[in-house]
1. Give me log10 I(q)/I(0) at q = 0.09, 0.10, 0.21 Å⁻¹ for the stretch 69-212, Debye formula, one equal scatterer per alpha-carbon, no solvent.
2. Using 19 Å as the cut-off for backbone N distance, which residues of the stretch 19-63 belong to the label zone defined by a point 7 Å from the Cα of THR185 along Cα→Cβ?
3. Roughly how many percent of the accessible protein surface of the stretch 82-193 is carbon and sulfur, given a 1.4 Å probe and a whole-percent answer?
4. Please work out the FRET efficiency for the pair ALA177 and ALA94, using the Cβ-Cβ distance as r and a Förster radius of 30 Å; give the result to the nearest 0.05.
5. When a/c reaches 1.5 or more, the comparison of a/b and b/c decides; with that in mind, is the stretch 105-174 rounded, prolate or oblate per its Cα gyration tensor?
6. Please compute the modelled spin-label separation between HIS168 and THR4, points set 7 Å along Cα→Cβ, answer in nm with one decimal.
7. Cα gyration tensor of the stretch 154-206, axes a ≥ b ≥ c as square roots of the eigenvalues: rounded (a/c below 1.5), prolate (a/b > b/c) or oblate?
8. Based on the Cα gyration tensor of the stretch 1-41, what are the three equivalent ellipsoid semi-axes, each the root of five times an eigenvalue, rounded to whole Å and given largest first?
Amino acid sequence: MAPTPTLEMALACHQAGISVIPILPADSRGDKRPAVAWKQYQQQAATREQVETWFNEDSYGLAACCGGVSDGLVMVELEADGASKIADLTQAAADHGIEPLWKRFMSGWLEKSPSGGFHWYVKAPGNPSGNRKLARTQTKDGKIHTLAETRENGGYSVIAPTPGRFHHTGHAWTLLAGGPHTIPTLTGEELEQILDLFRLLDQHIEEPTLTGNTTPTRAHTPAGEDARPGTAIDQAMTWDDILTPHGW
């Protein structure tokens with residue numbers, strides 16, 4: 001009997017030194033919940049036999065444990081409403097002289113989340129950091145929304161080909177490029193350079209001031225201006241312009 005696509009990916013991760021765990025289907029309690037007590041798999045990866053037992057059938061979704069247990073696995077997430085800013089990030093990488101690093105990052109391992117966001121995976125051995133928020137934006141009703149963040153030590157990330165029944169949207173996780181066999185390995189400095197690019201998208205929102213009777217204030221960008229990098233090229237670049245140079 002041929003292995004399921006989920007088992008094939010789980011074994012590919014295991015071979016690449018990435019700790020994996022099973023995920024329960026979405027229900028009234030939420031989605032992306034581990035099917036096992038997963039703390040131990042932050043310290044030591046499951047054996048091949050455990051992986052085969054978990055994913056031999058399509059009962060579970062698949063997640064990768066980030067951090068040291070997986071050779072420094074880091075997932076960088078850009079939410080769906082930030083997708084148009086990939087052109088900005090590409091231009092910023094060129095402006096800052098790290099275009100070759102950006103190309104390595106872009107062409108390594110990329111997936112699309114059920115909600116339409118993008119997940120890039122890299123390895124940064126020795127990276128001590130936990131999950132980080134990189135960029136925020138503010139919705140029209142004044143709520144703060146995370147635009148870009150990471151999963152690092154103490155975090156995990158659901159990966160393709162986990163199907164739609166494991167997410168409340170009903171949509172699956174989709175592999176767009178590469179995989180565990182092409183994941184790039186970055187130095188600590190290179191990782192920070194990549195994360196700094198995503199930080200350029202942050203709107204530098206000032207938290208409300210609640211002392212006395214003063215009115216809460218937030219930092220804002222003057223009308224007609226945008227302090228984020230490369231905004232002017234958004235309309236000039238297409239997805240083909242962005243992705244084709246990276247072999248997609």
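The values are calculated or read from the model by the stated rules, or taken from the named source; none is laboratory data. Remember, it's a predicted structure, so these values are computed and weren't measured experimentally. Reconstructed Cβ throughout: ideal geometry from the backbone, glycine too, with neighbour counts over all protein chains shown. Please note that ligands, DNA and RNA were not included when accessible areas were found on the heavy atoms of the full protein model with its side chains. Shrake-Rupley method; radii C 1.70, N 1.55, O 1.52, S 1.80 Å.
1. With one equal scatterer per Cα and no solvent, log10 I(q)/I(0) is -0.29, -0.36, -1.43.
2. Counting only backbone N, you get 19-20, 45.
3. Carbon plus sulfur share of accessible area: 52 percent.
4. That gives a FRET efficiency of 0.90.
5. oblate
6. Using points 7 Å along Cα→Cβ, the separation is 2.4 nm.
7. Taking the square roots of the gyration eigenvalues as a ≥ b ≥ c, the stretch 154-206 is oblate.
8. Details: eigenvalues 94, 45, 10 Å².
They are 22, 15, 7 Å, listed from largest to smallest.
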